[in-house]
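Trainee: One structure follows; several queries about it will come next.
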Amino acid sequence: MDETSDTRQRLSTRIDEKQQSIRSYLGRERPRRTRLANISIVGSALAAALTAGPAFGGTGFTEAVAGIFNLSDDSLVWRVLCLLAVILSVAAALATNFATSHSLADRVSAAETAGAQLEGLQVALNFGHIEIDEAVKLYQQYATQVAFVEGLSAH
């Protein structure tokens, strides 16, 4: 392949564009991954906590809570707690399934890895420590790992 500085510059520009797309992707998907994980963890924990009172305290617990809130029927306490537990459990399950069905964690990890690899390639290319043919092969290899990022507009 042609070893001119123009060829190096064009490859360098492509690497920059891919890195920008990856940064844009990660800027959107990292918070989404974190949000879904937090919903799953907190929803599961709260659902368990809501059912712990009636499970361990029995009717004594529900009668005490009914007394605190001036409720005439203690069955209302466990009904509300169970309903809230169901809602939180469903939210946790949905968040977990959304994250896994879209392979969100795997994609974010792949994008982070490809971004780091492209950064190393960019440095080697800029300082002339790599032949153009080898740099093109590596670029193609790294870009293929994040094909799902292709076509995203850089913001």
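The values are calculated or read from the model by the stated rules, or taken from the named source; none is laboratory data. A quick note: this is a predicted structure, and the numbers were derived from the prediction, not measured. FYI the Cβ positions are ideal-geometry reconstructions off the backbone, even for glycines, and counts take in every protein chain you see. Ligands, DNA and RNA are excluded from the accessible area calculation, which covers all protein heavy atoms including side chains. Shrake-Rupley method; radii C 1.70, N 1.55, O 1.52, S 1.80 Å.
Trainee: Just the number please: accessible area per residue for the chain, 1.4 Å probe, all protein chains included, in Å².
Mentor: Working: 9460 Å² over 155 residues.
Here the residues of the chain average 61 Å² of exposed surface.
Trainee: Moving to a separate point now. When the gyration tensor of the range 1-108 is built from Cα positions, what are the square roots of 5 times its three eigenvalues, in whole Å, from largest to smallest? Can you show the working numbers first?
Mentor: Details: eigenvalues 614, 21, 14 Å².
Square roots of five times the eigenvalues give 55, 10, 8 Å.
Trainee: When only DSSP loop residues count, what GluC sites (Glu not before Pro) in the range 1-45 have their Cβ near at most 15 other Cβ atoms within 10 Å?
Mentor: On the way: sites: E3, E17, E29; in loops: E3.
Sparse-neighbourhood loop GluC sites (Glu not before Pro): E3.
Trainee: Using the basic label-point model (7 angstrom from Cα toward the beta carbon), what is the L76 to R23 distance in nanometres?
Mentor: Between L76 and R23, the simple spin-label model gives 5.7 nm.
Trainee: Right, something else. Count neighbours as other Cβ atoms within 10 Å of each site's Cβ, and list the chymotrypsin sites (Phe, Trp or Tyr not before Pro) in the range 33-85 that are DSSP loop with at most 13 such neighbours. Display every interim value, and only then the final one.
Mentor: Values: sites: F56, F61, F69, W78; in loops: F69.
Those that pass, being in a loop and sparsely packed, are F69.
Trainee: R0 = 30 Å: FRET efficiency of A124 with S103, Cβ-based, nearest 0.05? Walk me through the intermediate numbers first.
Mentor: On the way: r = 30 Å, r/R0 = 1.00.
For R0 = 30 Å, the calculated efficiency reads 0.50.
Trainee: Percent of accessible area on the range 69-155 owned by carbon and sulfur, 1.4 Å probe?
Mentor: On the way: 3260 of 5370 Å².
Ligands and nucleic acids excluded, carbon and sulfur give 61 percent.
Trainee: Using helices alone, I'd like the mean residue ellipticity at 222 nm for the chain: each DSSP H run of four-plus residues gives -39500 (n - 2.57), total over residue count, nearest 500.
Mentor: Calculated at 222 nm, the ellipticity per residue is -30000 deg cm²/dmol.
Trainee: I'd like the per residue volume of the convex hull spanned by the Cα atoms of the range 42-155, given in cubic angstrom. Please list the in-between numbers first.
Mentor: Values: hull volume 19.1 nm³, N = 114.
It is 168 Å³ per residue.
Trainee: Moving to a separate point now. Rg and Dmax of the range 101-155, using alpha carbons, in Å: what are they?
Mentor: Here Rg and the maximum Cα pair distance are 12.7, 42 Å.
Trainee: Could you calculate the contour length gain from R10 to V86, that is, 0.36 nm times the residue separation minus the distance between their Cα atoms, to one decimal place in nm? Write down the numbers at each step before the final one.
Mentor: On the way: separation 76, 0.36 × 76 = 27.36 nm, distance 5.59 nm.
So the chain would gain 21.8 nm between R10 and V86.
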